[in-house]
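Right, one structure below, let's go through it.
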Amino acid sequence: MVIRLIQGLTVGGEFSSSVTYMVETAPSGRRGCAGSWANFGSMSGTLLGSGTSAAFATMLSTAPLHSWGWRVPFLLGILLAAFALYMRRNLPHTQLFKEHVKNHTDDNPLHEALTRGQSGALLAAQLLFAVLVAFSVAIAPVMFVEMFPTEDRLTGYSLAFDIGLGLVGDTAPVIAIWLIEATGMPAAPGLYLAGLSLVSVVALAFMRDRSRALLL
């Protein structure tokens, strides 16, 4: 359980970092396409892991699979993670980040993300990312990157991603079971999601479209 929690936190940070990097390095007219590749890579990794596990479960009989076969996909994952770490450590900083570091030598990204008038943006991002998952596959990553200025972009996006999914997404199954038991209505979780969707629509109505504007 502890390992799973650590995994969730690290994935949240890595995903928002990758989206931020791709959007900041993309031309202004291609930010949506560039940001969507993060979700493509995430889904591809899930399919690759599931496919590898299924392949070993199919090729090996029960005894060798339980003895050593189940470890092989994890070992392959370690090699892939090492390659990804090598690539990441050799990526150059984006031009926006270089300019930010040059002009701001003593700031706190967490403090900036929470105090520079971004509370509403954080709340909107949390609700949107947790509820409108189906619509986020292509457009949400770049939209959230565009909501924050360079000095707190990664921190603000990471907070929105992790807190939104953690508070709304991870608690949804528990709340759904409780609603069914409390009301006796099998459709109660649907009403709960409908209410959250309504809140998200209201938050979306107050968001500015920055898809064609320069990144701050």
Open item on the list: Let me check something: with ligands and nucleic acids excluded, how do T46, T155, T20 order by accessible area (1.4 Å probe), largest to smallest?
Closed with: T46, T155, T20
- [ ] Over the stretch 17-70, with every protein chain in place, what whole percent of the accessible area is carbon and sulfur at 1.4 Å, could you tell me?
- [x] 69
Open item on the list: Please compute the modelled spin-label separation between T58 and S197, points set 7 Å along Cα→Cβ, answer in nm with one decimal.
Closed with: 3.6
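The values are calculated or read from the model by the stated rules, or taken from the named source; none is laboratory data. Only a predicted model underlies this, so the values are computations on that prediction, with no experimental measurement involved. Cβ: placed from backbone, ideal geometry, glycine included. Neighbour counts: every protein chain shown. Heavy atoms of the whole protein, side chains included, go into the accessibility calculation; ligands, DNA and RNA do not. Shrake-Rupley method; radii C 1.70, N 1.55, O 1.52, S 1.80 Å.
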